[in-house]
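Structure record follows, encoded as structure tokens.
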Amino acid sequence: MPPPSRLTEHREHHLSRWQVPLLTALTLLAFAGNSVLGRLALATTVIEPAAYTLLRLASGALMLALLVHWRRRYGAGVRQAGDWHGGAALFVYAAAFSFSYVSVATGLGALLLFGAVQITMIVAAIIAGERPRPLHWLGLVLAFVGLVLLTRPGLDAPPLLGSALMLTAGIAWGVYSLHGRRSRDPLAATAGNFVRASVLAAALAVLVWPITPLPADGVGYALLSGMVTSGLGYALWYRVLPALSAVRAASLQLTVPVLATLAGAVLVAEPITFRVVVSGMLVLGGIALTLRRG
């Protein structure tokens, strides 16, 4: 899941007109891919969530560090940044994400995650002194009602613990995004935070991961998620972000839960329920209202 808004004033080289939509589409597919790969690994293989978290973060840290090193050699690079506050928030997101996808469906998890991230960002803006217009308040209420409807008890209700974990992951990513706004080089900061989060993930693995063989397919999904859909995905996002307005960047991310839901139906054979459709319309529609100007 990407930061929902522009995090830096740093500008990369100019992108051509055709590069912007292409890189944006690849980025959104990568972010949806995080949910798909997580669900595939944790629902169809025997890999432990703690092991998946560690492999994803460590491989993502390696990829991002290589990208920062490459940029330093061939472009205007800066010293690797980040801090333990960002690393801790990233770790909470990744760990809660992994443990949630043991039981929560792909699209439902992406919707819970995305809704929690955006609501966290909006509430933080209100606390900071922003005064939303009535239409924005309506959007916030609709999004909140959608999340409540999505998790309320019923025959087709998602597991309560899994839903709570994914909401926690979304709040943690929202906090991470808010913290990252101070970074002048988000790619380097993300690399540093991945390294720190990997240390915390290693400690978690020591505490809760039973000593069992790692399944090759589960490891493959974790490495793809860490190196490709996380590492390269975030690098692409930060590359294209300067070409997008903050509102457009956030609006485009409305497609991520939709893509994840469709991919879950095709790749994991998960049904698209009436609850998910209605809740998704409320959450995504409500967030779309909060993004309207004026």
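Data for the structure
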read-out: Of all residues making up the stretch 208-220, the number that are more than 12 Å from P49 (Cα to Cα), part of a helix (DSSP H, G or I) and either charged (D, E, K, R) or in contact (Cβ under 8 Å) with a residue 40 or more places away in the chain (or both); value: 1
read-out: Single residue of the stretch 41-57 satisfying the filter (buried (at least 21 other Cβ atoms within 10 Å of the Cβ) and small (G, A, S)) that is farthest from A201 (Cα to Cα); value: A41
read-out: Residues being under 25 Å from A81 (Cβ atoms) and in contact with a helix residue (DSSP H, G or I) (Cβ under 6 Å, 6 or more places away or on another chain) - total across the stretch 203-222; value: 1
read-out: Filter pass, M121 being surrounded by 15 or more Cβ atoms within 10 Å (Cβ to Cβ), modelled with pLDDT of 90 or more, in a helix (DSSP H, G or I) and on the phi < 0 side of the Ramachandran plot; value: no
read-out: Yes/no for A269 being surrounded by fewer than 18 Cβ atoms within 10 Å (Cβ to Cβ), outside any helix (DSSP H, G or I) and hydrophobic (A, V, I, L, M, F, W, C); value: yes
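The values are calculated or read from the model by the stated rules, or taken from the named source; none is laboratory data. Values in this document were obtained by computation on a predicted structure and should not be read as measured data. Ideal geometry is used to build each Cβ from the backbone, glycine not excepted, and the neighbour counts take in all protein chains shown.
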